[in-house]
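Visitor: Would you mind keeping the following structure in view while I ask a few things?
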Amino acid sequence: DAAALAPRLEALQAGAGAALVAVEWGPPGGIVVLHWHPTLDDDRPVAWVSTLVVAPAERRRGIGRLLLKAASQAARLAGCGTLRLAAPPGSSDLRGFCHAAGFEEIGAVFRRSLRKKS
């Protein structure tokens, strides 16, 4: 419901997070939502991907990778050092995607450094 979604997006913009939408032509092809916050185990804030969705008709076109790239850039600009994404058990497609996108698996969580490798 668009009416219920609008205040949630406004709250996200006002807080420590971002919602990025992939649009080519027509309806959106995908969305990534992330939030960042300080943690005890990292010296810089950690960004968490809470939503990553690509429309079925748009899959295998690189949209998921572009959304993650944009999310990584937004997290870097917010001062984050790590991007994390939780993959529920049984989500083999998502797990494969995370591995291909450079994440390392730590239990049910995937982690990728946002620092450039030298």
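Visitor: Yes or no: LEU66 at pLDDT below 90 and not hydroxyl-bearing (Ser, Thr, Tyr)?
Guide: no
Visitor: For a quick check of your reading of the model, give me the residue pairs whose first member lies in the range 7-28 and is without any contact (Cβ under 8 Å) to a residue 12 or more places away in the chain and open to solvent by 50 Å² or more (accessible area, probe 1.4 Å), whose second is of a type outside the set (Gly, Ala, Ser) and part of a strand (DSSP E or B), with beta-carbon atoms closer than 6 Å and at least 6 apart or on different chains.
Guide: VAL21/ILE31
Visitor: For ALA4, all conditions in the list (1) closer than 17 Å to GLY62 by Cα; (2) at pLDDT 80 or above hold save one; what is the number of the exception?
Guide: Every listed condition holds for ALA4 apart from (1).
Visitor: Those residues that are over 15 Å from VAL109 (Cβ atoms) and either in a strand (DSSP E or B) or not charged (D, E, K, R) (or both), I need them from the range 46-65; list them, please. Show your work before the answer.
Guide: Filtering the range 46-65 down to residues over 15 Å from VAL109 (Cβ atoms) leaves 51, 53-65.
Passing the criteria: THR51, VAL53, VAL54, ALA55, PRO56, ALA57, GLY62, ILE63, GLY64.
Visitor: Continuing with this model, one more query. Can you give me the number of residues within the range 72-118 that are in a helix (DSSP H, G or I) and surrounded by 14 or more Cβ atoms within 10 Å (Cβ to Cβ)?
Guide: The first filter runs over the range 72-118 and keeps only residues in a helix (DSSP H, G or I), leaving 72-77, 92-100.
Filter once more, so that each one left must be surrounded by 14 or more Cβ atoms within 10 Å (Cβ to Cβ): 72, 74-76, 94-95, 97-98.
Result for the range 72-118: 8.
Visitor: Oh, and also: Looking for whichever is touching a residue at least 40 places away in the same chain (Cβ under 8 Å) and over 12 Å from the mean Cα position of the chain (by Cα) here; the options are ALA100, ALA78. Which one fits? Don't jump to the end; show me each part of the working.
Guide: Working: ALA100 fails: touching a residue at least 40 places away in the same chain (Cβ under 8 Å).
Exactly one of ALA100, ALA78 is touching a residue at least 40 places away in the same chain (Cβ under 8 Å) and over 12 Å from the mean Cα position of the chain (by Cα), namely ALA78.
Visitor: Turning to a different aspect of this structure: For the range 30-71, give me each residue that is free of Cβ contacts under 8 Å to residues at least 24 places away in the same chain, over 10 Å from the mean Cα position of the chain (by Cα) and open to solvent by less than 50 Å² (accessible area, probe 1.4 Å).
Guide: Selection gives THR39, GLY62.
Visitor: In the list VAL21, VAL32, which residue meets the criterion of being touching a strand residue (DSSP E or B) at 6+ places or on another chain (Cβ under 6 Å), in a strand (DSSP E or B) and closer than 18 Å to GLY102 by Cα?
Guide: Details: VAL21 fails: closer than 18 Å to GLY102 by Cα.
Just one listed residue meets the conditions, VAL32.
The values are calculated or read from the model by the stated rules, or taken from the named source; none is laboratory data. All values derive from a computational prediction rather than experimental measurement. Glycine also receives a Cβ, built like all others from the backbone with ideal geometry; neighbour counts cover every protein chain displayed. When the accessible area is computed, the model is the full protein with side chains, heavy atoms only, and any ligands, DNA or RNA have been set aside. Shrake-Rupley method; radii C 1.70, N 1.55, O 1.52, S 1.80 Å.
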